[in-house]
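Enquirer: Below is one structure. I have some questions about it.
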Amino acid sequence: MAFEFKPLPYAYDALEPTIDAKTMETHHDKHYNGYVNNFNAAVEGTKFDDMCVSDVLADLDALPEDKKQTIINNGGGTLNHKLFWEVMTPGGSKEPVGNLKKAIDETFGSFDKMKEEFNSKGAGQFGSGWAWLVKKDGKLSIMSTPNQNSPVSEGYEIILGNDVWEHAYYLKYQNRRADYLKEWWNVVNWDVAEERFNK
Ligand code: MN3
């Protein structure tokens, strides 16, 4: 039961001008595809083959030592990107909605304050990694992870995440990661984020 590599749910150019078509195509069809293939190869023939990738990553101690880092890297690359494509949408929906909006206001003071903290974590992540809005025990927080490490391995549920690897933004933004982080909010799918929060 290999993880299925699916096409991007919108056109490569659908997120322009925030994210350019060439970046989306390379990111999805080359980088993401690579993680999925490597993850599937690593779990093939093991008991982890039948598990969903977030369950595999939720218990790193259960992984065999010789495959552990490969699964952290490529299982993380698989799960993190799957969520990344889902949590973006052409045009974006501009602002949090429903219960998530309420929780953001209660936790951070306002949507703007939440964005500020998120952008700062993303900009401050040295080298490659991710910035995340996560939930644990019903409580929201913001974190970053290096490489393809996934918050699910630390017991968090992911509400949304932004990829701050250079492959996610370099063609359009070059060294200006902070600008990419700021612009990215234009394409966030808050309906999906709200669904994930309510799960
Ligand atoms: Mn990426």
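Enquirer: Apply the Kirkwood formula to the chain: the hydrodynamic radius equals the inverse of the mean of 1/r over all pairs of different alpha-carbon atoms; give it in Å with one decimal.
Expert: 17.1 Å
Enquirer: With a cap of 15 neighbouring Cβ atoms within 10 Å, and only residues DSSP puts in a loop, list the GluC sites (Glu not before Pro) found in segment 2-104.
Expert: Glu4, Glu44
Enquirer: Let me ask something additional. Any chance you could get the radius of gyration and Dmax over the Cα atoms of segment 43-131, in Å?
Expert: 17.1, 48
Enquirer: Most exposed first by the Cβ proxy, i.e. fewest other Cβ within 10 Å, how do Ile159, Ile104 rank?
Expert: In order of increasing Cβ crowding within 10 Å: Ile104, Ile159.
Enquirer: Can I ask one more? Need one word for segment 125-199: rounded, prolate or oblate. Basis is the Cα gyration tensor (sqrt eigenvalues a ≥ b ≥ c); a/c below 1.5 gives rounded, then a/b vs b/c decides.
Expert: oblate
Enquirer: Choose one answer from Pro90, Pro151, Pro64: the residue with the largest mean-square fluctuation in a GNM of the chain with alpha-carbon springs under 10 Å.
Expert: Pro64
Enquirer: Let me ask something else about it. Note down the relative contact order for the chain as a percent, whole number, built from C-alpha pairs under 8 angstrom at least six residues apart.
Expert: 26 percent
Enquirer: Could you work out the relative contact order of segment 120-199, using alpha carbon pairs under 8 angstrom and six or more residues apart, expressed as a whole percent?
Expert: Result for segment 120-199 is 29 percent.
Enquirer: Quick one: what do you get for segment 1-84 if you divide its Cα Rg by 2.2 N^0.38 Å?
Expert: Segment 1-84 yields a ratio of 1.19.
Enquirer: Suppose every Lys and Arg Cβ carries +1 and every Asp and Glu Cβ carries -1, with no other charges. What dipole size does segment 5-81 come out with about its Cα centre, to the nearest 20 debye?
Expert: Using only the charged Cβ atoms, the result is roughly 100 debye.
Enquirer: Would you kindly calculate the mean projected area, averaged across all directions, of the convex hull enclosing the Cα atoms of segment 94-143, in square nanometres?
Expert: 3.7 nm²
Enquirer: Using a Gaussian network for the chain with springs between C-alpha atoms less than 10 Å apart, which of these wobbles most: Asp137, Asp105, Asp20?
Expert: Its mean-square fluctuation being the largest, the pick is Asp137.
Enquirer: What does the charge count around Asp13 come to, taking other residues whose C-beta lies under 10 Å from its C-beta (Lys +1, Arg +1, Asp -1, Glu -1)?
Expert: With Lys, Arg at +1 and Asp, Glu at -1, the net is -2.
Enquirer: Could you list Phe126, Phe108, Phe5 in order of exposure, starting from the residue whose Cβ has the fewest other Cβ atoms within 10 Å?
Expert: The order, fewest Cβ neighbours first, is Phe126, Phe5, Phe108.
Enquirer: Further question: Residues of segment 1-36 with the amide nitrogen closer than 18 Å to a label point 7 Å from the Cα of Ala62, along Cα-to-Cβ, please.
Expert: So the set is 1-3.
Enquirer: Fewest Cβ neighbours within 10 Å first, please rank Trp184, Trp190 accordingly.
Expert: Ordered by Cβ neighbours within 10 Å, fewest first: Trp190, Trp184.
Read-outs: derived from the displayed coordinates by stated rules, not from any lab. Since we're looking at a predicted model, the values are computed, not measured. We place every Cβ from the backbone using ideal geometry, glycine too, and count neighbours over all the protein chains shown.
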